[in-house]
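The values are calculated or read from the model by the stated rules, or taken from the named source; none is laboratory data. Since the model is a prediction, treat every value here as computed from it, not as a measurement. No Cβ is skipped: glycine too gets one built from the backbone with ideal geometry, and neighbour counts run over all protein chains shown. The protein model used for the area step is the full one, side chains on, heavy atoms only, and it has no ligands, DNA or RNA in it. Shrake-Rupley method; radii C 1.70, N 1.55, O 1.52, S 1.80 Å.
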Amino acid sequence: MNNHVTVLEIDGKALDHNLNYFKQKLESKTKILAVVKAFGYGSDGVKVAKYIENKVDYFAVAYTQEGIALREAEIKKPILVLHPQIPNLQPIVDYRLEPNLYNFKIFNAFLKLADKAPLMNYPIHIKFNTGLNRLGFWHNDIPKILTSLQETNHVKVVSIFSHLAASEDLEEKEFTINQINNFAYIAQQFYKHLDYQPMLHILNTSGVVNYAQAQFDMVRIGIGLFGFGNTKEETLQLKNTHNLKSIISQIHLIQPGETVGYNRSFVAKRPSKSATIPIGHADGISRRLGNKKGFVIINNQKAPIIGNVCMDMIMVDVTKIDCKEGDEVIIFNTQEMIQHNSNISETIVYETLTAISQRVKKTLKS
Ligand SMILES: *Cc1c(COP(=O)(O)O)cnc(C)c1O
């Protein structure tokens, strides 16, 4: 039971809105895979997946454990595990998860397991590296992969996929188009030599925004589901899903010359009032937001963070705000605030969202 007062409220209506926004951008036959890795981008992967299960075709997670959590919550839709390791292959089968096989080591290990079990047409996904140089086979691995596949009916390739390196950056358009073309060529080789046609997918959120022509059979939406497109205009069309709230634990009246927080980095120049809030860097509030770089909202007014961000707390300046202990504090509840915090912390919104720790209670409001 988590009765911590610092809560991330996930906005179910916003999830619906964002899903519909992408559906309307895509052809009706294009399948939607919702990426709910990293606890649903710092929210709650299980709650989000349960809420949208009937509105999407597929789920993906990064690691096996994340997929097991979804199955234990009785998610029935297919779940692609993007980054499995060899010791995970048996649990993957036990929980009916679908592995991404990205090199011969894991591909052969899975085929061996499938033969031994034996499994029948077990769904697998094969990933190709088309330029990101992160995970995936090279196109010249195709003949060897095909030979192995033609010799077995213990696995079946549900999809062939790749990942774009710079889908958000139109200055890299030529590189991206080249990745898409290479992917289409790879897919052709499979279509020529297999007697069935695996699904194809290469687009993430910003890929859908910039290269919708390459939607193939499915798209993989992560950050877009949580309210961020890759441009300001696109983000304006989406709704924020992550509302982070807390309360004022204590208020202090500070005399001129007194200081607030570790290293005494805030020094009061005039009679001041500070509020202490139970959220800190261990909850995902970057230390870079300290010393008036970041702010929270209390009774509709901005309260700058003063002094250093502590592990479990922040102190904010409420000298000019009418407030009392127990009042609600909004850490962020708009895309603008999340983007602002990310800019100040010299990072991207992905990191700001996924930094929200497990200690923060999560609720989903539909
Ligand atoms: C995380 C991830 C996605 C989702 O990307 P977004 O930019 O959040 O939409 C898609 N595909 C792969 C392979 C990923 O790792």
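A few points about this structure:
- Checking residue 205 against (1) surrounded by 20 or more Cβ atoms within 10 Å (Cβ to Cβ); (2) outside the structural domain of residue 29 (by TED's automatic domain parsing); (3) within 16 Å of the ligand (Cβ to nearest atom), the condition it does not meet: (2)
- Qualifying residue in segment 242-249 (condition: in a loop (DSSP other than H, G, I, E, B) and closer than 26 Å to residue 132 by Cβ): no
- Residue count for segment 263-295 under the criterion of being aliphatic (A, V, I, L, M), open to solvent by less than 20 Å² (accessible area, probe 1.4 Å) and in contact (Cβ under 8 Å) with a residue 40 or more places away in the chain: the result is 5.
- Selection from segment 68-84 of residues that are under 17 Å from residue 38 (Cα atoms) and either within 16 Å of the ligand (Cβ to nearest atom) or among the charged types (D, E, K, R) (or both): 70, 71, 72, 79, 80, 81, 82, 83, 84
- Subset of segment 148-196 [in a loop (DSSP other than H, G, I, E, B) and aliphatic (A, V, I, L, M)]: 164, 165, 166, 194
- From the list 240, 210, 230, the lone residue that is touching a helix residue (DSSP H, G or I) at 6+ places or on another chain (Cβ under 6 Å), within 16 Å of the ligand (Cβ to nearest atom) and open to solvent by 20 Å² or more (accessible area, probe 1.4 Å) is 230.
- The lone exception for residue 142 - which of (1) within 14 Å of the ligand (Cβ to nearest atom); (2) hydrophobic (A, V, I, L, M, F, W, C); (3) farther than 24 Å from residue 90 by Cα it fails: (1)
- One residue alone among 362, 320 is surrounded by fewer than 15 Cβ atoms within 10 Å (Cβ to Cβ) and touching a residue at least 12 places away in the same chain (Cβ under 8 Å), and that residue is 320.
- Residue ID - least open to solvent (accessible area, probe 1.4 Å), chosen from residues in segment 148-192 that are free of Cβ contacts under 8 Å to residues at least 12 places away in the same chain and within 13 Å of the ligand (Cβ to nearest atom): 166
- Within segment 113-147, being part of a strand (DSSP E or B) and open to solvent by 20 Å² or more (accessible area, probe 1.4 Å) holds for 122, 123.
- Residue selected from segment 16-67 under the condition among the hydroxyl-bearing types (Ser, Thr, Tyr) and within 15 Å of the ligand (Cβ to nearest atom), by the criterion surrounded by the fewest Cβ atoms within 10 Å (Cβ to Cβ): 63
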